[in-house]
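The values are calculated or read from the model by the stated rules, or taken from the named source; none is laboratory data. Remember, predicted model here, so these are calculated numbers, not experimental data. Cβ: placed from backbone, ideal geometry, glycine included. Neighbour counts: every protein chain shown. Accessible surface areas use protein heavy atoms only, side chains included; no ligands, DNA or RNA. Shrake-Rupley method; radii C 1.70, N 1.55, O 1.52, S 1.80 Å.
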Amino acid sequence: RRHEGAKKEKKERGRELNLPKTRALYYEDPYLREFDATVIWAEGKEIVLDRTAFYPEGGGQPPDHGKIIANGEEYRVEDVQKYNDVIVHTLDREGIASGMVVHGIIDWERRERLMRIHTAEHILLAACRKVLGKHVWQHGTQKDVYESRFDIAHYKPITQKEIKEIEKEAFRIITSNIPVEARFMNRAEAEKKYGFVLYEGGIPPGREIRVVKIGNEDVEACGGTHVRSTGEIGILKILRTERIQDGVSRIIYTAGMSALEHVQREEDILREATEKLRVQPDKLNAAVEKFFQEWKSYRKELERLKKYEIEGIKNKLIEKAKGGKIAEAVELGMKDMLLLSRELSSSLHSGVLIGKDGDIVVFGENAATLAKEIAKAMNGKAGGSKSFAQGKGDPNRIKEGLNKARELMGLA
Ligand SMILES: [Zn+2]
């Protein structure tokens with residue numbers, strides 16, 4: 001499995017680096033936005049510090065971004081990865097050397113969104129279990145600043161009614177403002193206390209595991225960053241659900257400011273639609289239905305008129321025909337030309353129609369051969385059978401095509 005391979009590679013890189021464990025300040029204080037540290041290793045754009053508040057990618061949570069200031073110069077932190085216990089920061093450029101004392105600043109807007117979304121995920125699982133049943137099991141997860149994915153094993157698709165219930169249950173947990181407690185525990189002790197429900201998000205390595213507990217709602221082994229209490233999440237909003245495989249549903253959700261922005265965007269769409277249709281929001285559905293029905297009846301009417309028009313063209317062409325043959329240019333597209341040729345073929349022996357866009361339709365004797373010659377005269381291509389053929393040529397060479405057709409059909 002690719003995931004396992006990546007894990008192994010990471011471990012190997014950690015061994016190769018052979019550096020002391022980086023002190024993870026984001027665990028000591030998840031709200032730490034700035035810190036000082038010493039560079040203990042540097043190579044190209046990569047640096048390792050003795051301590052860092054930058055969260056490295058892990059457990060489906062993306063890495064922190066931000067800035068590192070060294071000797072008055074500002075470097076952008078573009079990626080943060082953990083190799084064993086060594087945290088490597090990737091900067092936008094080279095220039096930092098081992099031994100330097102630097103100042104780190106976390107992109108707090110991004111981190112805060114991610115902390116809310118991450119904590120919301122624990123709540124989402126708890127709410128899913130409450131609404132869908134205890135059998136629900138986390139299958140996979142990928143968190144992001146604006147939209148996050150949460151895959152659960154559940155035997156049937158999640159209904160719209162269930163989605164609303166899950167959101168309401170999440171709202172109850174959020175507004176109960178329950179403290180979120182995270183602490184490192186001895187693995188055996190944690191398992192004994194909480195059971196294997198701890199390993200919802202995967203089984204972390206090591207004898208010590210980090211247990212994140214939200215009152216009596218959820219307990220998981222988790223290495224991510226969380227808010228202090230559920231109230232800080234604000235809103236948890238499910239955006240949509242998808243069935244990704246048999247027995248696995250994907251819930252796409254967001255939380256906090258990103259959720260508020262989502263609701264605002266949806267409101268904008270609603271407002272624009274109601275303004276265009278000049279109705280109140282509660283009348284929008286009825287108005288859309290009315291417009292749709294009208295559009296359907298107009299389309300039917302249009303088709304009726306089109307038939308009428310084609311009937312007229314047909315009669316004119318039959319009048320023009322010589323010896324049951326016709327070669328004419330028509331102000332029609334391919335679809336209508338096909339209709340027209342079908343009508344004509346019941347009255348005429350053979351015919352050539354060239355449309356306004358350079359479309360060619362030929363019916364009757366030697367259709368394919370004739371169509372190819374006409375297309376050639378129009379710098380185009382054609383094909384078909386002995387009795388019917390179609391093609392396309394340059395719309396600027398309709399005259400040349402017609403002349404060729406009339407010449408070959410003896411109509412010139
Ligand atoms: Zn977590």
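Here the sum of -39500 (n - 2.57) over DSSP H runs of 4 or more residues, divided by the residues of the chain, equals -13000 deg cm²/dmol at 222 nm, to the nearest 500. The long axis of helix 2-17 is offset from the longest Cα principal axis of the chain by roughly 40 degrees. Pairs spanning more than 18 Å between alpha-carbon atoms, out of 316/386; 314/392; 45/67: 316/386; 314/392. Extension gain, residue 90 to residue 286, is 65.1 nm, computed as 0.36 nm per intervening residue step minus the present C-alpha separation.
Annotation: peptides 387-393, 251-257, ranked by per-residue average of other Cβ atoms within 10 Å with the highest first, follow the order 251-257, 387-393. Residue separation of residue 403 and residue 161 scaled by 0.36 nm, minus their Cα-Cα distance, works out to 80.4 nm of gained length. The aspartates and glutamates whose alpha-carbon is closer than 20 Å to the alpha-carbon of residue 372, local same-chain residues fewer than 8 away aside, are 328, 357, 359, 394, 400, 407. Under 16 Å of direct C-alpha separation, and excluding same-chain neighbours fewer than eight residues apart, residue 143 reaches these lysines: 237. Taking 21 Å as the limit for the C-alpha separation, the pairs 130/161; 290/335; 168/193 exceed it in the case of 290/335; 168/193. For region 321-409, carbon and sulfur atoms together expose 48% of the accessible surface, with a 1.4 angstrom probe and every protein chain in place. Out of 273, 100, 236, whose Cα points farthest toward the positive end of the dipole of the chain (charges: +1 Lys, Arg; -1 Asp, Glu; placed on Cβ)? Towards the positive end, the residue furthest out is 273. Quick check: the angle from helix 256-277's long axis to the longest principal axis of the chain, C-alpha only, nearest 10 degrees? Compared with the principal axis, the helix lies near 20 degrees. Principal-axis analysis of the Cα atoms of the chain puts helix 108-132 at an angle of about 80° to the longest axis. Pairwise alpha-carbon distances in region 2-106 exceed 25 Å for 14% of all pairs. Once the Cα-Cα distance is subtracted from the 0.36 nm per residue extended length, the residue 142 to residue 28 segment shows a gain of 38.6 nm.
Taken one residue at a time, the phi angles of region 92-106 give Karplus couplings (6.51, -1.76, 1.60, θ = phi - 60°) of 6, 7, 7, x, 9, 10, 4, x, 5, 9, 10, 10, x, 10, 7 Hz. Gly and Pro are set to x.
Entry comment: accessible area of region 300-412 is 58 Å² per residue, from protein heavy atoms only and a probe of 1.4 Å.
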